[in-house]
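Readers should treat all values here as calculations from the given coordinates under stated rules, not as data from a laboratory. Source: prediction; values computed, not measured. Every residue, glycine as well, gets a Cβ built from its backbone with ideal geometry; the counts of neighbours run over all protein chains shown.
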Amino acid sequence: MRRHSELAPRHIMVVGVSGIGKSAISRRLSALGQEAYDIESLPGLFAWFRRDTGERFHDIEIGNRESIKQARWLCDAAGLSALLARQSRPTAFYCGNASNNDELVQLFDTLLLLRVSPEELRRRLAERAHTGEYGNSAEMRDQILSWQDWYDKTMIGLGAIPVDASGTLEETVDAILRGWGAEGRQG
């Protein structure tokens, strides 16, 4: 991770498996006047790529486990760096997850990992049924749940600080702001 200087803007990345609440946290932080981005929803920053060829995957089926196994959800690191360079406040939150997180963490001062129990994650993912969101089928929910332990350990290995996200959205955002917001001193 990047070393933070008191004079430099503070870049905080908020990660977690699909369905854990990254987008909701970004929206809530923004509503509270924080600079926060749901980076996966920014046009041109993320795309699916084929694992075998590295080419852009234009016809991916989000609800199809086999299709997902053949793909990587990649963030354009140069595009993300440009977004960070335009940060307007002393502290900003960048919420999202990519297959290339290991390349992205070096851009950030702090990496926060949202965590919930497998039962809570299953409940949250079930709310995606009949939507176009990743994890909207029972098959994909099972796959996400099978990754959860590996993902959390991998992110902690990259320096992520676990954040209990099992409470309400407001409780989780309050914990993030108390620890790492504009007034926070951790990380």
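Binning all Cα-Cα separations of segment 91-187 at 10 Å, short to long from zero, yields these whole-percent fractions: 14, 42, 36, 8, 0. Please list, ordered by chain and number, the residues whose modelled amide H lies under 5 Å from the amide H of Ala36; skip anything fewer than 5 residues away on the same chain. Those qualifying (amide H under 5 Å, at least 5 residues apart or on another chain) are Phe93.
Measuring r between the beta carbons of Asn64 and Trp150 and using R0 = 25 Å, the FRET efficiency lands at 0.75. For segment 60-187, the relative contact order comes to 27 percent (Cα pairs under 8 Å, sequence separation of at least 6). With the gyration tensor restricted to C-alpha atoms of the chain, the semi-axes of the equivalent ellipsoid amount to 26, 20, 14 Å, longest first. Amide H contacts of Ile161: Leu111, Leu112, Leu113, each under 5 Å away and 5 or more positions distant or on a separate chain (H built 1.01 Å from N in the peptide plane; Pro and chain starts excluded). Calculated FRET efficiency, Glu55 to Glu170, Cβ-Cβ distance, R0 = 45 Å: about 0.60 to the nearest 0.05.
Considering only Leu42, Leu107, Leu84, the mean-square fluctuation computed in a Gaussian network model of the chain, springs between alpha carbons under 10 angstrom, is largest for Leu42. Neighbour counting of Cβ atoms within 10 Å sorts the residues Leu80, Leu158, fewest neighbours leading, into Leu158, Leu80. Counting only DSSP H runs of at least 4 residues, each contributing -39500 (n - 2.57), and dividing by the residue count of the chain, the helix-based mean residue ellipticity at 222 nm comes to -11000 deg cm²/dmol. In a GNM of the chain with a 10 Å cut-off on Cα contacts, which of Asp142, Asp174, Asp59 has the highest mean-square fluctuation? Largest GNM mean-square fluctuation: Asp59. Result for the chain in a Gaussian network model with C-alpha springs under 10 Å: among Ile20, Ile156, Ile39, the largest mean-square fluctuation is at Ile156.
Based on C-alpha pairs under 8 angstrom that are at least 6 apart in sequence, segment 1-105 has a relative contact order of 41 percent.
Here the chain is treated with +1 on each Lys and Arg Cβ and -1 on each Asp and Glu Cβ, and its dipole about the Cα centre works out to around 280 debye. When the charge dipole of the chain is built from unit charges on Cβ atoms (+1 for Lys and Arg, -1 for Asp and Glu) and taken about the Cα centre, the candidate among Trp48, Leu74, Pro90 whose Cα reaches farthest toward its positive end is Pro90.
Per residue, the Cα convex hull of segment 1-99 amounts to 119 Å³. Shown here for segment 19-86: trypsin sites (Lys or Arg not before Pro) in loop regions (DSSP other than H, G, I, E, B) with at most 10 other Cβ atoms within 10 Å, namely Arg86. In terms of overall dimensions, the C-alpha atoms belonging to segment 48-127 reach 42, 36, 19 Å along their principal axes, ordered largest to smallest.
Per residue, the convex hull spanned by the Cα atoms of segment 19-69 amounts to 101 cubic angstrom.
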